[in-house]
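The structure under discussion appears below in the form of structure tokens.
The values are calculated or read from the model by the stated rules, or taken from the named source; none is laboratory data. All of these numbers come straight from a predicted model, not from anything done at the bench. Reconstructed Cβ throughout: ideal geometry from the backbone, glycine too, with neighbour counts over all protein chains shown. Side chains included, ligands, DNA and RNA excluded: accessible areas come from the protein's heavy atoms. Shrake-Rupley method; radii C 1.70, N 1.55, O 1.52, S 1.80 Å.
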Amino acid sequence: MSDFSDIPSGISLADVLRSAPLDALENRILIGHALQLTRIQLITQSDRLLTAAEATQLSALFLRRLHGEPIAYIVGEREFFGLALQVTPDVLIPRPDTELLVELALERLPQQGKALDMGTGSGAIAVAIAHTRPDVTMTALDVSEGALKIAASNAQRHGAKVIFLRSDWYAALGETSEPDLDLIVSNPPYIVAGDTHLSQGDLRFEPIGALTDHADGLSALRIIIDGAAAYLKPDGWLLMEHGYDQSEAVRELLAQRGFAEVQSWRDLAGIERVSGGKLAAAS
């Protein structure tokens, strides 16, 4: 089967699995998605013959992937922090690296705490926190209406209580006389404008405004850091994901704004992926 634009009907599942053009995992994901079969069923039903409709559908899925479209957009979901989340081209695809941000947030949230997720996208961070800690009051912001619809759907799917607001960073929160947040968390756009990665791999298909600030990669991080003190309680934490080479710059920005215990944490690849600090209590 050399031409995946025309998988023949009547071919067995075993033959499709054996000759499909992607790596074994992606083959199983696409075939399982198209036929609504689990991984076990793909094995136990290996003699099953594809109908004409199934062959046509599978051909289309393989072609989309061969043209570079991310698997997560093709099947419409991605797992994050043990939760199956809906994803569309309106939102970034959640990455395993970002689970570090959730773990650090959970470690620092007090009982009955209040947390804010800025630039929530698919809602991955906010939903993971709220699902794990139902006692937390979780608010999530995003400027994209499309992203907020996806995020709200993901929260509802997993019974996670999250307040979603359309907001250009802090704008929708307004002024507050009494800061009441225990934690602010964010995975903002941080890729430098013109970075070659933006035209490679999955990033070609993801929303550009969620990837880059169209500047030096630090502008969104500056906005978040500069505005945090107006909403964080004393000793409240600010945690942010950033680029592989931005940790020193982010720590410097945090220190300049008076944050204490400023530090960076490494992801599974050993890269400093998250930086943060604690808002110093007034002396």
Between a residue in region 206-221 that is assigned to a loop (DSSP other than H, G, I, E, B) and any residue that is of a type in the set (D, E, K, R) and buried (at least 16 other Cβ atoms within 10 Å of the Cβ), which pairs come within a Cβ distance under 8 Å, given they are 6 or more apart or on different chains? Pro207/Asp90
Elements of type helices (runs of 4 or more DSSP H) contained in region 32-112, each with 3 or more residues being of a type outside the set (Ser, Thr, Tyr), open to solvent by 70 Å² or more (accessible area, probe 1.4 Å) and over 19 Å from Ile125 (Cβ atoms): 39-44, 52-66
Give region 147-161 a look and list any residue that's farther than 20 Å from Ala220 by Cα and open to solvent by less than 40 Å² (accessible area, probe 1.4 Å), or say none. Ile150, Ala151, Asn154, Ala155, Ala160
Of the residues Ala260, Ala255, only one is more than 19 Å from Leu100 (Cβ to Cβ), in contact with a strand residue (DSSP E or B) (Cβ under 6 Å, 6 or more places away or on another chain) and assigned to a helix (DSSP H, G or I); which? Ala255
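Of all residues in region 16-46, which are out of contact with any helix residue (DSSP H, G or I) (no Cβ under 7 Å at 6 or more places or on another chain) and of a type in the set (D, E, K, R)? Explain how you work it out, then say what you get.
Taking region 16-46 first, the residues out of contact with any helix residue (DSSP H, G or I) (no Cβ under 7 Å at 6 or more places or on another chain) are 18-19, 23-25, 36-37, 40-41, 43-44.
Listed by number, the residues that qualify are Arg18, Asp23.
Here's the yes/no breakdown for (1) in contact with a Pro (Cβ under 7 Å, 6 or more places away or on another chain); (2) of a type in the set (D, E, K, R):
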{"residue": "Phe62", "(1), (2)": "yes, no"}
{"residue": "Leu66", "(1), (2)": "yes, no"}
{"residue": "Glu69", "(1), (2)": "no, yes"}
{"residue": "Ala72", "(1), (2)": "no, no"}
{"residue": "Gly76", "(1), (2)": "no, no"}
{"residue": "Leu85", "(1), (2)": "yes, no"}
{"residue": "Asp90", "(1), (2)": "yes, yes"}
{"residue": "Pro94", "(1), (2)": "no, no"}
{"residue": "Leu100", "(1), (2)": "no, no"}
Return a yes/no flag: does region 116-133 have any residue that is open to solvent by 30 Å² or more (accessible area, probe 1.4 Å) and in a strand (DSSP E or B). no
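If a residue has to be surrounded by 16 or more Cβ atoms within 10 Å (Cβ to Cβ) and modelled with pLDDT of 95 or more to count, how many in region 234-256 make the cut?
Number of matching residues: 14.
How about region 263-283: which of its residues are more than 22 Å from Glu99 (Cβ to Cβ) and either at pLDDT 95 or above or surrounded by 17 or more Cβ atoms within 10 Å (Cβ to Cβ) (or both)? Quick ask: steps written out before the conclusion?
Narrowing region 263-283 to residues more than 22 Å from Glu99 (Cβ to Cβ): 279-283.
Hit for region 263-283 is Leu279, nothing else.
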Output for Cβ contacts, cut-off 6 Å, separation at least six or different chains, first residue in contact (Cβ under 8 Å) with a residue 40 or more places away in the chain and over 17 Å from Ala105 (Cβ atoms) in region 265-281, second outside any loop (DSSP other than H, G, I, E, B) and of a type in the set (A, V, I, L, M, F, W, C), reads Ala280/Ala260
